[in-house]
1. How big is the gap, in Å, between the Cα center of the range 1-31 and the Cα center of the range 62-83?
2. At what distance in nm do the modelled label points of ARG19 and ALA5 sit from each other, each positioned 7 Å from its Cα along Cα→Cβ?
3. For ARG77, what charge total do you get from the other residues with a beta carbon under 13 Å from its beta carbon, if Lys and Arg give +1 and Asp and Glu give -1?
4. Got a sec? Which residues in the range 66-99 would a label at VAL106 touch, if it sits 7 Å along Cα→Cβ and we count backbone N under 12 Å?
5. For every other residue with a beta carbon closer than 15 angstrom to the beta carbon of ARG53, add +1 if it is Lys or Arg and -1 if Asp or Glu, then tell me the sum.
6. Evaluate the Debye formula for the chain with equal point scatterers sitting on the alpha carbons, no solvent, and hand back log10 of I(q)/I(0) at q = 0.10, 0.15 Å⁻¹, in q order, two decimals.
7. Using modelled backbone amide H atoms (1.01 Å from N, in-plane), which distant-in-sequence or interchain residues come within less than 5 Å of THR78's amide H?
8. Compute the helix-to-body angle for 2-20: its Cα long axis versus the longest principal axis of the chain, expressed 0 to 90° and rounded to tens.
Amino acid sequence: MHELAVCQALLQQVEQTARQHAVSEVTKVVLRIGPLSGIELPLLQQAFTVARRGTIADKADLVAEELPVRIRCTRCRTESTVSASRLLCMVCGDWRTRLISGDEMVLASIEMTRSQRSPPQTELTGDVNYV
């Protein structure tokens with residue numbers, strides 16, 4: 001089950017970000033996942049429950065937002081949203097297409113609770129949300 005290894009790497013990123021922002025707890029992790037990423041969402045949820053134990057994200061929820069599959073036709077240059085099992089151009093029907101999106105997994109945001117003792121942050125980067 002490679003989803004466990006994916007979750008362990010994800011939680012390393014989450015913990016590193018949490019340390020940078022001096023937070024006491026991570027409450028939610030939001031991922032954007034394409035259907036061609038090779039990730040099985042039910043297995044990812046189970047693996048996250050196991051991998052988060054003993055980390056700063058011990059009680060965090062994992063939210064997975066599914067991304068569409070987008071292609072560009074090399075013949076007519078049209079971009080289309082298609083199903084993961086049918087990568088044909090929606091305009092001309094050609095099979096010669098290039099994948100634009102749908103195979104990625106992106107850490108979209110992290111919701112965190114700041115420790116009462118930590119100094120206030122004046123600058124935040126990325127999609128880090130504080131509760």
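1. Here the two parts' Cα centres lie 27 Å apart.
2. It is 2.3 nm.
3. Residues close to ARG77 contribute a combined charge of +2.
4. Under 12 Å, as judged by backbone N against the label point of VAL106, lie 66-68 of the range 66-99.
5. With Lys, Arg at +1 and Asp, Glu at -1, the net is -2.
6. So the normalised log intensities work out to -0.43, -0.75.
7. Here CYS73 satisfy the definition.
8. The answer is roughly 50 degrees.
Just so you know, all these numbers are worked out from the coordinates, no wet-lab data involved. The structure displayed is predicted, hence computed values, not measured ones. Note: ideal-geometry Cβ built from the backbone for every residue, glycine included; neighbour counts use all protein chains shown.
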